[in-house]
Amino acid sequence: MKIAIDAMGGDFAPEEIVKGIEIARDRYPELAFELYGTEEAVRPLIQNFDRLTLVPTTEVIEMGEEPVKAMKNKTDSSMVRAAQAVKNGEADAFFSAGNTGAILSSAIFIVGRIKGVDRPALASALPSFGGPNDSFVFMDLGANAENKPSHLYQYGILGSFYAGSVMGIKQPRVRLLNNGGEEDKGDDTHKAAHQLMKQTASFNFLGNVEAREILEGTADVVVADGFSGNATLKAIEGTAMTMLDQLKSAIKGSGIRGMLGALLLKPALKSLKHELDFNDQGGAVVLGVKAPVIKTHGSAKASAVANSMGQIQTMVKEDLVGKTTTFIKENADALKAKKIEK
């Protein structure tokens, strides 16, 4: 099982990317890795070439570059070459921590979009602190800044399939992220999307959900437009990290009693940190393309990179893309929400 790695993508690339891949190589013996990157920058970082191949490239797509233009102009970039390897059948999956827009462009235009999916989307599992399940699917997380009602409707179908086939959730509950619980809330796009979801029998739609409620376990799939989803995700992560830092500072400043209390609570606090720290989680999945494509945070460290490799291994083993393609073919009529969109 071979994974094509964009070694140059991310705030801490290539150091943390290489370090994470070497952790994953020791952890997952069934995986092999192709690292695409600038040879003089990447080769000195590799400690062991067992099941690891360096493919030299000459260009790097930076975080701030215009995605489609960068993808088209920098054909020898680490990102484009890694995506091309998947398209050519030289690798089973593509991973990057780089420019989100360029990753999406590479996934759609190089790896290829599954026929029947209008807009592939970024989906990730977030922790749920209530309800019957430990986590829920949140999508779109930034693949598309602007969406039509039909796109949000399709996300409900794709998210339900992912929650059921990968996470084992039966009859996933779907909600639409909005600025209020009432069905007449939001802009025209969200009002129309609500009606499409309300009328469908393709998934279990339970109405709108506000951002403050999504971690409470009231949904198994939360659908959002890419702008709102990305902003909400970053707000959650930022708040979580700030609260953990403030808690740590408060304990240190509370004297001996506080330190003793912290020792007693250490297992619980460690568990909470694990739930809230994105470096302990995998990456976001691009749903709707012809091969597994995983994008992790630009600021991801080695642990997040390694965990993403385990996530990819599961996706390939379970043939997620094959099952998704079959599901889309079998549900072609249900996916055509545009026919009933006002």
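A few points about this structure:
- Enumeration of residues in the range 169-180 that are assigned to a strand (DSSP E or B) and either open to solvent by 60 Å² or more (accessible area, probe 1.4 Å) or of a type in the set (S, T, N, Q) (or both): none
- Residue check for ARG25: assigned to a helix (DSSP H, G or I), open to solvent by 70 Å² or more (accessible area, probe 1.4 Å), out of contact with any helix residue (DSSP H, G or I) (no Cβ under 6 Å at 6 or more places or on another chain) and not aromatic (Phe, Trp, Tyr): no
- THR75 vs. criteria touching a helix residue (DSSP H, G or I) at 6+ places or on another chain (Cβ under 9 Å), surrounded by fewer than 18 Cβ atoms within 10 Å (Cβ to Cβ) and of a type in the set (Ser, Thr, Tyr): yes
- Qualifying residues in the range 208-231 (those that are assigned to a strand (DSSP E or B) and touching a helix residue (DSSP H, G or I) at 6+ places or on another chain (Cβ under 7 Å)) - the one nearest to ILE169 (Cα to Cα): VAL221
- For LEU196, the requirement of being touching a residue at least 12 places away in the same chain (Cβ under 8 Å), in a helix (DSSP H, G or I) and within 28 Å of LYS295 (Cα to Cα) is not met.
- The set of residues in the range 181-197 being modelled with pLDDT of 85 or more, surrounded by 12 or more Cβ atoms within 10 Å (Cβ to Cβ) and not small (Gly, Ala, Ser) consists of LYS185, THR189, HIS190, LYS191, HIS194, GLN195, LEU196, MET197.
- Candidates ALA97, ALA107, ALA102, ALA70, filtered to the one that is open to solvent by less than 10 Å² (accessible area, probe 1.4 Å) and out of contact with any Ser or Thr (no Cβ under 9 Å at 6 or more places or on another chain): ALA107
- Exactly one residue out of PHE109, PHE95, PHE161 is out of contact with any Leu (no Cβ under 6 Å at 6 or more places or on another chain), part of a strand (DSSP E or B) and at negative phi: that is PHE95.
- A single entry from VAL166, VAL137 fulfils the requirement of being at pLDDT 85 or above and in contact with a helix residue (DSSP H, G or I) (Cβ under 8 Å, 6 or more places away or on another chain): VAL137.
- Residue in the range 279-288 that is part of a helix (DSSP H, G or I) and modelled with pLDDT under 90 present: yes
- Boolean, LYS234 is assigned to a helix (DSSP H, G or I), surrounded by fewer than 20 Cβ atoms within 10 Å (Cβ to Cβ), touching a strand residue (DSSP E or B) at 6+ places or on another chain (Cβ under 7 Å) and not polar (S, T, N, Q): no
- In the range 1-19, the qualifying residues are those that are in a helix (DSSP H, G or I) and out of contact with any strand residue (DSSP E or B) (no Cβ under 9 Å at 6 or more places or on another chain), and the one that is surrounded by the fewest Cβ atoms within 10 Å (Cβ to Cβ) is GLU15.
- Candidates LEU206, LEU244, filtered to the one that is open to solvent by 60 Å² or more (accessible area, probe 1.4 Å) and of a type outside the set (Gly, Ala, Ser): LEU206
- Meets criteria (at pLDDT below 90, of a type in the set (Ser, Thr, Tyr) and either touching a helix residue (DSSP H, G or I) at 6+ places or on another chain (Cβ under 6 Å) or under 25 Å from MET315 (Cβ atoms) (or both)) for SER160: no
- Among residues of the range 24-41 that are farther than 28 Å from THR58 by Cα, those with a Cβ under 7 angstrom from a residue that is surrounded by 16 or more Cβ atoms within 10 Å (Cβ to Cβ), sequence gap 6+ or separate chain, pair up as ARG27/ALA306; TYR28/MET309; TYR28/GLN313; GLU30/GLN313.
The values are calculated or read from the model by the stated rules, or taken from the named source; none is laboratory data. Predicted model only: the values in this text are computed from it and were never measured. Cβ sites come from the backbone with ideal geometry, for glycine too, and all protein chains shown count toward neighbours. To get the accessible areas, we keep the full protein, side chains included, count just its heavy atoms, and leave off ligands, DNA and RNA. Shrake-Rupley method; radii C 1.70, N 1.55, O 1.52, S 1.80 Å.
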